[in-house]
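First comes the structure, then the notes that go with it.
Bear in mind that the values in this text are calculations on the coordinates, not laboratory data. Only a predicted model underlies this, so the values are computations on that prediction, with no experimental measurement involved. In this analysis, Cβ positions are derived from the backbone assuming ideal geometry, glycine residues included, and neighbour counts consider all displayed protein chains.
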């Protein structure tokens, strides 16, 4: 199962509120442009932001904390953390694999 990697954007952007949750609307639009009109793509409120799911599985999320949460191949997560600004997602005090 893929690990989730967190990448914070450098600048805080305008937020869009979904119910009680806010997310980076500009980032969400950029994600839509990259993903395109994938027929099995859905958007869902989760992880404190807006998640993009492919066939029901979270692929990427625009966070309310100014970044993106991205699902990656577990074999590549350590190298991504070591060579980019990405970090493992930490929820409730523990790193979240997959």
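Quick rundown of the values:
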| quantity | calculated |
| --- | --- |
| Taking 23, 38 and counting other C-beta atoms within 10 Å, the order from fewest to most | 38, 23 |
| Residues listed by number, the stretch 46-68, amide nitrogen under 19 Å from residue 26 label point at 7 Å toward C-beta | 49-50, 61-68 |
